[in-house]
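Chemist: This is the structure I want to talk about, given as structure tokens.
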Amino acid sequence: MKKKLIIFDFDDTLTDNSERDYQSFLHVAETYNLKPIEREVIQNWRRTGKSSNFIIKKLITQETDDLEKYLNCRSKFLSSISSYTNFVSLKNCAIDLLSELTSTNLILVLNSLQPQHNVLLNILEYFDIKHFFKKIISRSLSSSENSFQNRSKLKKSMYQDIMAEFELIDKVDILIIGNLFSDIIPADELNIDSLMIEGSFSFDMSQNHPCKKISKLKNILEFV
């Protein structure tokens with residue numbers, strides 16, 4: 001093993017969040033008596049880079065000065081534990097992979113943009129993966145702040161906090177794994193190796209940043 005520390009993103013890196021994403025828009029439609037948009041349409045929009053703001057505006061179908069109300073409704077749904085327990089699953093081989101990595105004395109750390117740290121801990125307990133991670137770190141981002149630049153800034157801050165805690169581990173011994181460029185570009189800025197794993201969302205793919213990509217979690221073993 002060449003690496004000593006692996007920093008994982010959570011949502012859509014270790015999990016499949018596509019159904020939860022769809023259900024969040026369905027929840028907004030039901031809450032405000034809007035006509036729902038078909039699952040296939042929303043999933044295709046996500047694959048082609050459409051943001052949640054774009055989809056919410058399509059749901060509303062008319063001009064409004066209160067877009068934030070609908071975005072907050074969606075955010076509240078996404079911040080609930082039930083949105084995970086009902087609509088999210090771990091990716092294939094996630095537990096086997098984490099078990100294998102920790103059995104070789106690799107240090108695993110989890111980082112996530114989550115509004116409530118205790119909720120994140122409960123979610124990890126639910127999926128029975130919390131014990132694999134030496135450190136779990138989260139930051140909160142509101143709907144109005146959820147831009148590529150802000151996600152990247154927070155991710156970079158989290159990586160720096162992790163490196164400060166594990167200061168005896170050189171950068172060359174660290175690997176960062178995520179599903180978005182907002183996970184990968186901050187790693188590159190810090191001169192840390194990274195891997196992008198295929199996820200459900202492409203809303204920051206316009207960045208078109210060169211990086212190493214994998215399609216399945218088990219492929220991580222080729223890089224550690």
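Just so you know, all these numbers are worked out from the coordinates, no wet-lab data involved. These numbers come from a predicted model, not from an experiment. We place every Cβ from the backbone using ideal geometry, glycine too, and count neighbours over all the protein chains shown.
Chemist: Could you work out the percent of alpha carbon pairs in the range 115-224 separated by over 20 Å, rounded to a whole number?
Modeler: 48
Chemist: Hey, what did the range 1-77 get for relative contact order, percent, Cα under 8 Å, at least 6 apart?
Modeler: That works out to 31 percent.
Chemist: Would you mind computing, in nm to one decimal, how far apart the modelled labels at Asp96 and Lys171 are, each placed 7 Å from Cα along Cα→Cβ?
Modeler: That separation, rounded to one decimal, is 3.6 nm.
Chemist: Here is a further query. Pairs of lysine in the range 130-205 with Cα under 22 Å and at least 8 positions apart or on different chains: total?
Modeler: 11
Chemist: Quick one: dipole size for the range 149-222, taken about the Cα centre, charges +1 on Lys/Arg Cβ and -1 on Asp/Glu Cβ, in debye to the nearest 20.
Modeler: On the way: 9 positive and 12 negative charges, 70 e Å.
Dipole of the range 149-222, to the nearest 20 debye: 340 debye.
Chemist: Next question. The range 145-191: percent of C-alpha pairs farther apart than 11 Å?
Modeler: 67
Chemist: Right, here's the next one. Show me the helices of the chain, taken as full DSSP H stretches, that run 15 Å or more along their long axis by Cα and average 1.6 or above in Kyte-Doolittle hydropathy.
Modeler: Membrane-span-like by this rule: not one helix.
Chemist: Would you mind computing the Rg to Rh ratio of the range 1-113 from its alpha-carbon coordinates, Kirkwood style for Rh?
Modeler: Here the Rg-to-Rh quotient is 1.09.
Chemist: Another question, if that's okay. Normalised by the number of residues in the range 2-148, what is the relative contact order in percent for Cα pairs under 8 Å and 6+ residues apart?
Modeler: For the range 2-148, the relative contact order is 32 percent.
Chemist: Could you work out the Kirkwood radius for the range 70-145, taking every pair of different alpha carbons, averaging 1/r and inverting it, reported in Å?
Modeler: By the Kirkwood definition, the hydrodynamic radius is 13.7 Å.
Chemist: Moving to a separate point now. Farthest toward the dipole's positive end in the chain, which of Val172, Ile55, Thr31, given Cβ charges of +1 (Lys, Arg) and -1 (Asp, Glu) about the Cα centre?
Modeler: Ile55
Chemist: Could I have the simple spin-label model distance between Asn53 and Asn86, label points 7 Å from Cα toward Cβ, reported in nm to one decimal?
Modeler: Modelled inter-label distance: 2.8 nm.
Chemist: Related question: Which value, in debye to the nearest 20, describes the size of the charge dipole of the range 1-142 about its Cα centre when Lys and Arg Cβ atoms bear +1, Asp and Glu Cβ atoms bear -1, and nothing else is charged?
Modeler: 460
Chemist: Cross-link candidates for Lys35: which lysines have Cα within less than 22 Å, leaving aside residues fewer than 8 places away along the same chain?
Modeler: Counting by Cα, and skipping residues close in sequence, Lys35 has these lysines nearby: Lys50, Lys57, Lys58, Lys69, Lys76.
Chemist: Now for a separate question. Under a plain spin-label model, where a point goes 7 Å from the Cα along Cα-to-Cβ, how far apart in nm are Thr104 and His131?
Modeler: That separation, rounded to one decimal, is 2.2 nm.
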